[in-house]
1. Please state the charge dipole magnitude for the stretch 8-72, taken about the Cα centre, from unit charges on C-beta atoms (+1 on K and R, -1 on D and E), reported in debye and rounded to the nearest 20.
2. Highest mean first, what order results for 228-235, 15-22, 249-256 on Cβ atoms within 10 Å?
3. With the crude spin-label approximation of a point 7 Å out along Cα→Cβ, what separation in nm comes out for D98 versus Q165?
4. Express the relative contact order of the chain as a whole percentage, based on alpha carbon pairs under 8 Å and six or more residues apart in sequence.
5. Measuring from label point to label point, each 7 Å out along Cα→Cβ, what is the A84 to Q233 span in nm?
6. When the convex hull of the Cα atoms of the stretch 1-111 is projected onto a plane and the area is averaged over all directions, what value comes out in nm²?
7. As a test of the definition: which semi-axes, in Å, follow for the stretch 126-261 when you take the square root of five times each eigenvalue of its alpha carbon gyration tensor? Largest first, please.
8. Tell me, what is a quarter of the convex hull surface for the C-alpha atoms of the chain, in nm² with one decimal?
Amino acid sequence: MPSQNDIAKSFRALHNPKDPLILTNVWDASTASTIASLPSTRAIATASFAIAASIGVDDDNLTKAQNLAALEIIVSAARKTNPALPVTTDFQDGYGKDLPSLAAAVKEIIAVGAVGCNIEDMDLAAGTLRPLEDAVARVKTVVEAAKEAGVPDFVVNARTDVLSQEGGTLDQVIERGKAFLEAGACTVFVWGGPKLRGVSSEEVKILVKELNGMVNVMMLLIPGFLGPQEIRQLGVARVSIGPGLWMKAMELVKEQAQLLA
């Protein structure tokens, strides 16, 4: 059994713009074990939206305790199938109101087996984008907390919600992305916001150039949007599908249930 930091190292190495890591996000033990059993699976990521939906709460109202409980179950299920499989968690805005509580929260997710996390630059309680200086300090705090917990290669995927804000520009995304990478993030997750605004292929090309390819984008499992082969050609290091599988699963459940009426 490799050490947790050895698993983190292998996970970090998967972030390669020439061969992007495509993560099929999970939300419970059954999806974790199913995805872990696939030969093509190189790592597992959680989806906070899907975790929240599966327990009947809104994504923004998912508590740290609820997220941690789900993560522990997911890690356990995945490791039963593949003990060395990296698991990274969607940790929303980090939950901590201040830097010490954020550091403590990071150590909690490491304690249950995570080797990476997403952290947003939104303040979910306030519903506002954090000032750049504050957002950078939080990325640094996650990195330092992971080192103190014995996982110096912990993978931070720093998400920016600039484009979901009115008047948000790509230049602001680039400014934040460069600052997050300098603070120790492995990749920058550029969230296009709700209502399918997304991030265009032309915008992704600019981001890849400016951030040396260390970019995470979300692939929407909807006709008309880029598929895995097209996204691979853009030169990003990482691709997520967020709650995409959960949405597909719920569509299938509804469709099959209607056949029984």
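1. With Lys and Arg at +1 and Asp and Glu at -1, about 440 debye.
2. Descending packing order for the listed peptides: 15-22, 228-235, 249-256.
3. Between D98 and Q165, the simple spin-label model gives 2.4 nm.
4. 22
5. Going by the 7 Å Cα→Cβ label model, 3.4 nm.
6. On the way: hull surface 29.2 nm².
Here the figure is 7.3 nm², rounded to one decimal.
7. Sorted largest first and rounded, they come to 30, 19, 16 Å.
8. Taking the Cα atoms of the chain, their convex hull projects to 13.9 nm² on average.
A short reminder: the numbers here are calculations on the coordinates, not readings from a lab. Fair warning: this is a prediction, and the values are worked out from it, not measured in the lab. When we count neighbours, we look across all protein chains shown, and the Cβ atoms used for this are built from the backbone with ideal geometry, even at glycine.
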